[in-house]
1. Anything in segment 443-452 that is in contact with a helix residue (DSSP H, G or I) (Cβ under 6 Å, 6 or more places away or on another chain) and in a helix (DSSP H, G or I)? List them, or say none.
2. From the list 76, 101, which residue is closer than 30 Å to residue 433 by Cα, in contact with a strand residue (DSSP E or B) (Cβ under 7 Å, 6 or more places away or on another chain) and not in a helix (DSSP H, G or I)?
3. Taking residue 272 as meeting all but one of (1) in the same structural domain as residue 74 (by TED's automatic domain parsing); (2) under 24 Å from the mean Cα position of the chain (by Cα); (3) crowded, with 18+ Cβ neighbours inside 10 Å, write down the number of the exception.
4. Residues that are crowded, with 19+ Cβ neighbours inside 10 Å, in a helix (DSSP H, G or I) and either out of contact with any strand residue (DSSP E or B) (no Cβ under 6 Å at 6 or more places or on another chain) or not assigned by TED's automatic domain parsing to the domain that holds residue 118 (or both): does segment 325-332 have at least one?
5. Mind checking which residues of segment 333-352 are free of Cβ contacts under 8 Å to residues at least 12 places away in the same chain and either within 21 Å of residue 383 (Cα to Cα) or surrounded by 18 or more Cβ atoms within 10 Å (Cβ to Cβ) (or both)?
6. Within segment 118-147, how many residues are surrounded by fewer than 19 Cβ atoms within 10 Å (Cβ to Cβ), under 29 Å from residue 1 (Cα atoms) and touching a helix residue (DSSP H, G or I) at 6+ places or on another chain (Cβ under 7 Å)?
7. Given 102, 108, which one is crowded, with 24+ Cβ neighbours inside 10 Å and over 21 Å from residue 283 (Cα atoms)?
């Protein structure tokens, strides 16, 4: 009864309203802009259901008895946290870390919120009950969740309530005995076309008077009034799998979601117009920790993939034995290993949070800060190592099938370790990873998905144990004092 790819693909045909290139998409699982990535996302469920993987990737739900993905497991010990990480790593390796919003991301956010049920109980027992029941439902159905927690940029010098025009930022416009009604937009909706439901919430701080924006609720994407406006599909723009091996399969998409008077029942509302809880749900629970822990696990996989590209560039170009090149690769390896080491550190230095064992959030914050500058550094280094080889490639795979083109390709695409076909195939992959529209989007994503740099650095500041380090300084200073005046100054006779 483990969830499979076919079951997930069938669940996407729910009447959802998705628009791209001026047209409505009737079924994302069969549309040219989405179908390959839809199958890639669904294949995660086939992987977990395979006999060889099911014990590592799933666990038995405490309420249904069915096996569901370990993303829903609430670790109570260090070993359970590590088992959960290993399952997330296996999923990430299936896309070389290129799918940032796989089901274990937002599912981890929900798990972190659930661990902090006492925070919700203090706020409102009914909202805590909604969270509790929804978590059990999402876990037992093994749902694919995405979220929209960022406001449309508009005028970034103004707060949500100060934006020009009506109904820009999603807000509560009505409530009654049945639930709340929301209207307005949210972004970025990453992977939303392939998910079952959305968490609609906010992450940035709000000001008094902006309570209508301070809500969190779960919405099935097929709900009436939910409209998804997709960016350009890199998948659909791909020439072929050979020419675009990543963007043709791993374009998880991003979208603006507009909520046109969407009614949400109370049993799906976790926060309702409360400024304090709009922040407490992330930082007083462990929602923020668990969602970004998953990000660092995935990023460690992605950096290993990019390191493999860097190494292969130097081999194909015949520069691997140049000392300066090995120096560069050694530095890249150290940087990539740093993120992996920080993942292990945040586990081994983990902390008890109620009944649960969670990653160390100070080390997590440090990893996030480092990651935002590390990723573009790695990409830039690969560009430097590759030089013009990333650009001077045949226009498309079809060039190999023309005898005249093939003759020129064989003469010009040379390598000491690869034939012309192998060289072109590799550099097409490298370009798709770091230079194509797909690759450029990934650089932008890794730099900003955690928020602006000042936000991540603020978390690092807030979670660091300043009392400890300041205490070391004060303790040493307490061991000495101002001496009596020395009448025999150095150098005096």
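1. Taking segment 443-452 first, the residues in contact with a helix residue (DSSP H, G or I) (Cβ under 6 Å, 6 or more places away or on another chain) are 443, 446-447, 450.
Matches in segment 443-452: 443, 446, 447.
2. Details: 76 fails: closer than 30 Å to residue 433 by Cα.
Within the list 76, 101, the selection yields 101.
3. All conditions pass for residue 272, except number (2).
4. Yes, segment 325-332 contains a residue that is crowded, with 19+ Cβ neighbours inside 10 Å, in a helix (DSSP H, G or I) and either out of contact with any strand residue (DSSP E or B) (no Cβ under 6 Å at 6 or more places or on another chain) or not assigned by TED's automatic domain parsing to the domain that holds residue 118 (or both).
5. Initially, segment 333-352 is screened for residues free of Cβ contacts under 8 Å to residues at least 12 places away in the same chain, giving 334, 337, 341, 344, 351-352.
334, 337 - these are the residues of segment 333-352 that are free of Cβ contacts under 8 Å to residues at least 12 places away in the same chain and either within 21 Å of residue 383 (Cα to Cα) or surrounded by 18 or more Cβ atoms within 10 Å (Cβ to Cβ) (or both).
6. Of the residues in that region, 2 qualify.
7. Values: 108 fails: over 21 Å from residue 283 (Cα atoms).
Just a single option satisfies the conditions, and that option is 102.
This table checks each residue for (1) touching a strand residue (DSSP E or B) at 6+ places or on another chain (Cβ under 6 Å); (2) crowded, with 19+ Cβ neighbours inside 10 Å; (3) assigned to a helix (DSSP H, G or I).
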residue	(1), (2), (3)
27	no, no, no
33	yes, yes, no
37	no, yes, yes
41	no, yes, yes
45	no, yes, yes
64	no, no, no
71	no, yes, yes
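The values are calculated or read from the model by the stated rules, or taken from the named source; none is laboratory data. As the structure is a prediction and not an experimental result, all values here were calculated from the model. We place every Cβ from the backbone using ideal geometry, glycine too, and count neighbours over all the protein chains shown.
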